[in-house]
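These notes are about the structure you will find just below.
Quick note: the coordinates plus some simple rules give every number you see, no bench work behind them. All of these numbers come straight from a predicted model, not from anything done at the bench. Because the Cβ atoms are built from the backbone with ideal geometry, glycine has one as well, and the counts that use them run over all protein chains shown.
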Amino acid sequence: MDAVSTSVEYAESGGTVDQFVDPAVLVEGLARAGRAAQRQLAKMSTTTRAEALHLGAAALRRAAPVILEANAKDVEDGEAAGLSAAMVDRLRLDPARIEAMAAAVDQVAALDDPVGRIIDESSRPNGMVLRRVRVPIGMIGIIYESRPNVTADAAALCVRSGNAVLLRGGSEAARSNRAIHSALVGGLAQGGVPAEVVQFVPTQDRAVVGAMLAASGLIDMIVPRGGKSLVARVQADARVPVLAHLDGINHTFVDRDADPAMARGIVLNAKMRRTGVCGAMETLLVDVLFPDPHGLVEPLLEAGCELRGDARTCSIDPRIKPAEPADWDAEYLDAVLSVAIVDGLEGALTHITRHSSGHTDAIVTENGDAASRFLSEVDSAIVIHNASSQFADGGEFGLGAEIGIATGRLHARGPVALEGLTTYKWQVLGSGQIRP
């Protein structure tokens, strides 16, 4: 048995791989095994891959008691270590969340397979036919923190799109991730998918992250899911293409022509439904001519949200604290919200241009011209009219699940699901043509 196999076996029994093999050798061995398995996966029919995912979802449901037991230990350790309430919320599982996880795997299985889809086709004057056809990217590395559901979501999306995946979860969710991975891979194997298609790094050594980022030629794309420091490190150090967003500094602008009742409901939901998700509103912008600004802030305050505002906002309610300059660039991921009164649509656009992270920004208005300008001029991956920013989620977009939100301008943008995990190749069909 080679060093990598020995170290993996030892780690799965509760040990550490560090004394057996260095991280670079470990990552190379896992990536090579994954690439070999991906070639087998690519030969499987779309029906076979879908059926294997349904078996994986069923295995997750059967393993719910084991997963919950593992998660309870992770949550206990996380609370003892002082994890924030937002981080604990992301970490915590319950029967409903496990069912949602399994349902997401089933939903991914039911999606149309993008692999082999002809993007476009044209004929040249010489009679040659040119096609662009979707193909898997290959070997995907996922580096993530806190959220155990990423283990299942990432695996399902990669398998459905014909990719292999190497998962490196955070130490705070190590038990939960291992339990989810074990159950899901067991179900996939029943459907004929090689276990090496979905691999889990068997150590929490942080040097493994560096090894993954340096694995050019072995890992084809890295997707980080986690806090700002993790994503910043990945983007700074990677020698492998990265698909990510750094911050979710999301704005909701309530225009003067917004319906007050609609605006109240959207604003409260956008912030307080779940404060720790990347689609949560972090800054509320209110048109100076909106007739009921107190009606927007009162429900937030009553729900326990701390508000930090500019001078005009602080005059609305004495419970609002003065904002510091840093508040306009803060991703709180908590029950804290910055609020500014702005001079109409122009003021909102100026503020968003200066402070938005390009993730998700929304407008609430009944004015069609204002909505059209906002949707056209705000340069974010997701722009929303008359709905909560909490819809910034692959499942809500009908994508089944997401591997992450991308705010860059190349390859994929917004919620990244099956299509975002494919690239394309050209197929050229000739009939004897030679170039003069």
**Prompt:** In terms of the Cα gyration tensor, with a ≥ b ≥ c the square roots of its eigenvalues, is segment 101-242 rounded because a/c is under 1.5, prolate because a/b exceeds b/c, or oblate?
**Reply:** oblate
**Request:** Give a quick list of trypsin sites (Lys or Arg not before Pro) in segment 353-436 that DSSP marks as loop, anything other than H, G, I, E or B, with at most 10 other Cβ atoms within 10 Å.
**Result:** ARG409
**Asked** So what is the relative contact order of segment 250-396, in percent, for Cα pairs below 8 Å that sit 6 or more residues apart?
**Response** 33 percent
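Please compute the net charge surrounding GLY265, taking Lys and Arg as +1 and Asp and Glu as -1 over other residues with Cβ under 12 Å from its Cβ. Intermediate values should be presented prior to the final figure.
Details: positive: ARG264, LYS271, ARG273; negative: ASP259.
Every neighbour counted, the sum reads +2.
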**Request:** Quickly work out the SER171-to-ASN367 label distance, labels modelled 7 Å from Cα along the C-beta direction, and quote it in nm with one decimal.
**Result:** 5.3 nm
**Request:** Specify whether the C-alpha gyration tensor of segment 250-396 places it in the rounded, prolate or oblate class, a ≥ b ≥ c being the square roots of the eigenvalues: rounded for a/c under 1.5, otherwise prolate if a/b is larger than b/c and oblate if not.
**Result:** rounded
**Asked** In what order do ARG160, ARG92, ARG117 fall by count of nearby beta-carbon atoms within 10 Å, going from fewest to most?
**Response** ARG117, ARG92, ARG160
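May I ask you to sort LEU333, LEU301, LEU230 by Cβ crowding, counting other Cβ atoms within 10 Å and putting the fewest first? Working shown, then result.
On the way: LEU333 23, LEU301 15, LEU230 18.
Placing the least packed residue first, the sequence is LEU301, LEU230, LEU333.
Restrict the search to segment 308-337; then list the trypsin sites (Lys or Arg not before Pro) that DSSP places in a loop and that have at most 14 other Cβ atoms within 10 Å of their Cβ. Don't skip to the answer; put the middle values down first.
Working: sites: ARG308, ARG312, ARG319; in loops: ARG319.
Those satisfying the criteria are ARG319.
In terms of the Cα gyration tensor, with a ≥ b ≥ c the square roots of its eigenvalues, is the chain rounded because a/c is under 1.5, prolate because a/b exceeds b/c, or oblate? Could the numbers behind the result be given before it?
On the way: a/c = 2.12, a/b = 1.38, b/c = 1.54.
Oblate, since a/c reaches 1.5 and b/c is not below a/b.
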**Request:** Eight or more residues apart or on different chains, and alpha-carbon atoms under 29 Å: count the Lys pairs in the chain matching that.
**Result:** 5
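Quick check: residue separation of ARG117 and HIS411 times 0.36 nm, minus the Cα distance between them. What number comes out in nm?
Working: separation 294, 0.36 × 294 = 105.84 nm, distance 1.67 nm.
Here the answer is 104.2 nm.
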**Fill in**
With label points set 7 Å from each Cα along the Cα-to-Cβ direction at MET128 and ASP22, the distance between them in nm comes to 4.6 nm
**Asked** In terms of modelled amide H atoms, which long-range or inter-chain residues lie less than 5 Å from the amide H of GLY309?
**Response** LYS321, ALA323, VAL339
**Asked** Percent relative contact order of the chain, based on C-alpha pairs within less than 8 angstrom and at least six residues apart?
**Response** 18 percent
**Item:** Exposure proxy ranking, count of Cβ atoms within 10 Å, fewest first, for ARG131, ARG168
**Value:** ARG131, ARG168
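For the chain, what is the charge dipole size about the Cα centre, in debye to the nearest 20, if Lys and Arg each add +1 at the Cβ and Asp and Glu each add -1 at the Cβ?
Working: 41 positive and 55 negative charges, 376 e Å.
Taking the Cα centre of the chain as origin, the dipole is about 1800 debye.
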**Complete:** Simple spin-label estimate for ASP329/GLU298, 7 Å along Cα→Cβ, in nm, reads 3.6 nm
**Complete:** The size of the Cβ-based charge dipole (Lys, Arg +1; Asp, Glu -1) of segment 250-396 about the Cα centre, to the nearest 20 debye, is 280 debye
**Prompt:** Just from its helices, what would the mean residue ellipticity at 222 nm be for the chain, if runs of 4 or more DSSP H residues each count -39500 (n - 2.57) and the sum is divided by every residue, rounded to the nearest 500 deg cm²/dmol?
**Reply:** -13000 deg cm²/dmol
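I need the peptides 142-148, 281-287 ranked by packing, meaning the mean over residues of other C-beta atoms within 10 angstrom, with the highest value on top. Don't skip to the end; give the middle numbers.
Numbers: 142-148: 25.1, 281-287: 27.3.
Sorting 142-148, 281-287 by mean packing, highest first, produces 281-287, 142-148.
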**Asked** If you stretched the chain out fully between ARG32 and SER45, how much longer would it get, using 0.36 nm times the residue separation minus the C-alpha to C-alpha distance?
**Response** 2.4 nm
